[in-house]
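The values are calculated or read from the model by the stated rules, or taken from the named source; none is laboratory data. All figures in this text were calculated on a predicted structure; none of them were measured in a lab. In this analysis, Cβ positions are derived from the backbone assuming ideal geometry, glycine residues included, and neighbour counts consider all displayed protein chains. Calculation scope for accessible area: heavy atoms of the full protein, side chains included, ligands and nucleic acids excluded. Shrake-Rupley method; radii C 1.70, N 1.55, O 1.52, S 1.80 Å.
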Amino acid sequence: MKKVASIFKLFSDVTRLRTLMLLSRAELCVCQIMGVLGVSQPLVSRNLSMLSNAGLLDERRSGKLVFYKLRKNLDEPYSTISRVVKGLTKEDEIFAIDLNSLEECMAYQKKAGSCDMKTFLEFMEKQRARNNSKAAI
C-alpha cells in the first residue's frame with residue numbers, strides 16, 4: 001500500500017507534472033526547465049531528483065550540464081500513468097503555455113548559441129518584459 005501511495009504522491013504535484021510533460025517532448029537541462037516553468041533551481045532539481053529516483057528519467061551529461069528526458073520504456077505502472085497524464089494534458093491551457101515557452105526558450109538559446117545561466121537570465125528578462133507589456137494592454 002505504501003508503494004501505491006508514493007506513486008500517487010509523485011504525480012500529485014503540478015510542477016512535477018509540468019516537468020514530466022516537458023521531458024516527454026524534449027531533452028532539457030535544469031536552466032531550460034526553470035525558464036519554461038518560471039520556477040527556482042532548487043525546486044526544479046528536487047522534482048528532477050524525485051522523478052529520477054522513481055526511474056522515470058534518463059540523464060546525459062554534457063560538460064557541466066546534465067540533460068534529462070523521459071525514459072522511453074517505462075516500467076508499469078508508470079507507463080500507464082504517463083499515457084493517462086499525456087491524454088489529460090493535451091487540451092490543458094497551462095501545458096499549451098509551457099510548450100509555447102519551451103519553443104521560445106529553445107529558439108532563444110539556439111540564437112544565443114549556449115545553454116547556461118547567463119542565457120537563462122537573459123531569456124527570463126525577455127519573458128518578464130513581454131508579460132509586463134501584455135499586462136499593460
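Quick look at the numbers
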| quantity | calculated |
| --- | --- |
| Among (1) in contact (Cβ under 8 Å) with a residue 60 or more places away in the chain; (2) hydrophobic (A, V, I, L, M, F, W, C); (3) surrounded by fewer than 12 Cβ atoms within 10 Å (Cβ to Cβ), the one test that Met106 misses | (3) |
| Candidates Phe8, Phe95 - the one that is in contact with a helix residue (DSSP H, G or I) (Cβ under 7 Å, 6 or more places away or on another chain) and in a helix (DSSP H, G or I) | Phe95 |
| Set Asp98, Asp92: member being modelled with pLDDT of 90 or more, open to solvent by less than 30 Å² (accessible area, probe 1.4 Å) and either acidic (Asp, Glu) or more than 17 Å from the chain's Cα centre (by Cα) (or both) | Asp98 |
| Qualifying positions in the range 72-99 - over 13 Å from Arg18 (Cα atoms) and of a type in the set (S, T, N, Q) | Asn73, Ser79, Thr80 |
| Index of the failed condition, Leu74 passing every other in (1) open to solvent by 40 Å² or more (accessible area, probe 1.4 Å); (2) assigned to a loop (DSSP other than H, G, I, E, B); (3) not charged (D, E, K, R) | (1) |
| Condition broken by Leu121, with the remaining ones in (1) out of contact with any Leu (no Cβ under 6 Å at 6 or more places or on another chain); (2) open to solvent by less than 90 Å² (accessible area, probe 1.4 Å); (3) without any contact (Cβ under 8 Å) to a residue 60 or more places away in the chain satisfied | (2) |
| Which listed residue is open to solvent by 40 Å² or more (accessible area, probe 1.4 Å), without any contact (Cβ under 8 Å) to a residue 60 or more places away in the chain, out of contact with any Ser or Thr (no Cβ under 9 Å at 6 or more places or on another chain) and of a type in the set (A, V, I, L, M), from Leu43, Leu10, Leu65 | Leu65 |
| Ser133, sole failed condition from (1) open to solvent by 100 Å² or more (accessible area, probe 1.4 Å); (2) modelled with pLDDT under 90; (3) assigned to a helix (DSSP H, G or I) | (1) |
